[in-house]
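The values are calculated or read from the model by the stated rules, or taken from the named source; none is laboratory data. Since the model is a prediction, treat every value here as computed from it, not as a measurement. Note that each Cβ is placed from the backbone with ideal geometry, even for glycine, and that neighbours are counted across all protein chains shown.
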């Protein structure tokens, strides 16, 4: 029998948690090949949530209570993980909100995805079959949708539909491996940091649709200002795509400067100026990307490996050279040479950067 623990962080959830615990045990206690336990991590709720759990333990022997200081969602989960490693060492943990917004009916779907080979399963509101409450206010819908879109674009991981979902099934080996990274984050950015770590460590990610429900009682703990700030800060510090974009801006400075010198000062042809400026920028970008943007995947194996990778980089980059050279020359001939810098900015921003990021990850800095 594999051990499965559902973790429920609580703070003032006396009106919800008892019903949720009953629903979870009713749903999963007869599940084949799994031994179910529930761990409630209560942040010393003044409403008596902890007392309610202690009463329920008489009915459910595999219901556990861990009382901790109120230090945020991420800290509650990391303390739960430490407790589980010492006392239960489960095969699988499931994260759920304790306010009844996560429907236990979806639990078998998450577990089935794990049984089919996934390491990390997200209960997603934003894939086909999932939903958010129709009575949410416009501002809350906007923040939820835009928060997820910001993370997707910030990491350029478009296949993940719901980065901020708190309904997840995660194999415990991944929890233990991620612990040193995720212990540094609290609040709701904890969920983003954990998923980011899983992706960077080649965990198999799955998603199942969920219908997110409005809480039955109590009030939401989300601090939206802190939530938004934390998301942007984490993306800025950890996204290889953002670093790649910064390197691209610096490379653009090199590219633009050489183009300006050759076209405006030396009056050379647009095509040869663009060709030379682009290749120079590619060389500087390769060095900065290897030692900064993709430092977790930097090229190793000596000078031969480095040179071979640089030649591959140039081969992939030949596409961006062709795009820029052809695009700038074409637009210059059609719309006038005097606007060459506008054509260049537009082509680099909308075409070259996304194109380059995709193919460099595919062929140069592949996941280890």
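For segment 77-87, does any single residue satisfy the condition of being surrounded by fewer than 18 Cβ atoms within 10 Å (Cβ to Cβ) and at pLDDT below 95?
First, pick out the residues of segment 77-87 that are surrounded by fewer than 18 Cβ atoms within 10 Å (Cβ to Cβ): 82-83, 85-87.
After this cut, where a residue has to be at pLDDT below 95 as well, the list is none.
Checked against the condition, which is being surrounded by fewer than 18 Cβ atoms within 10 Å (Cβ to Cβ) and at pLDDT below 95, segment 77-87 yields no hits at all.
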Worksheet, complete the sentence: In segment 120-146, anything touching a helix residue (DSSP H, G or I) at 6+ places or on another chain (Cβ under 8 Å), crowded, with 19+ Cβ neighbours inside 10 Å and under 30 Å from residue 293 (Cβ atoms) is listed as 120, 121, 122, 126
Discussion item. Among the numbered criteria (1) in a loop (DSSP other than H, G, I, E, B); (2) touching a helix residue (DSSP H, G or I) at 6+ places or on another chain (Cβ under 8 Å), which one does residue 30 miss?
Written reply: (2)
Item to complete: Tell me, please, whether a residue that is more than 22 Å from residue 186 (Cα to Cα) and in contact (Cβ under 8 Å) with a residue 40 or more places away in the chain can be found in segment 69-88.
Response: yes
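Assess whether residue 117 counts as being more than 19 Å from residue 95 (Cβ to Cβ), at pLDDT 95 or above and more than 17 Å from the chain's Cα centre (by Cα).
Working: more than 19 Å from residue 95 (Cβ to Cβ): yes; at pLDDT 95 or above: yes; more than 17 Å from the chain's Cα centre (by Cα): yes.
Criteria met by residue 117.
For residue 169, state whether it is over 10 Å from the mean Cα position of the chain (by Cα), more than 23 Å from residue 87 (Cβ to Cβ) and either modelled with pLDDT of 90 or more or not in a helix (DSSP H, G or I) (or both).
Values: over 10 Å from the mean Cα position of the chain (by Cα): yes; more than 23 Å from residue 87 (Cβ to Cβ): no; either modelled with pLDDT of 90 or more or not in a helix (DSSP H, G or I) (or both): yes.
Answer is no for this residue.
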Item to complete: Please go through segment 175-202 and pick out each residue that is touching a strand residue (DSSP E or B) at 6+ places or on another chain (Cβ under 6 Å) and surrounded by fewer than 19 Cβ atoms within 10 Å (Cβ to Cβ).
Response: none
Item to complete: Could you check residue 257 against (1) under 26 Å from residue 309 (Cα atoms); (2) modelled with pLDDT of 90 or more and say which number it fails?
Response: (1)
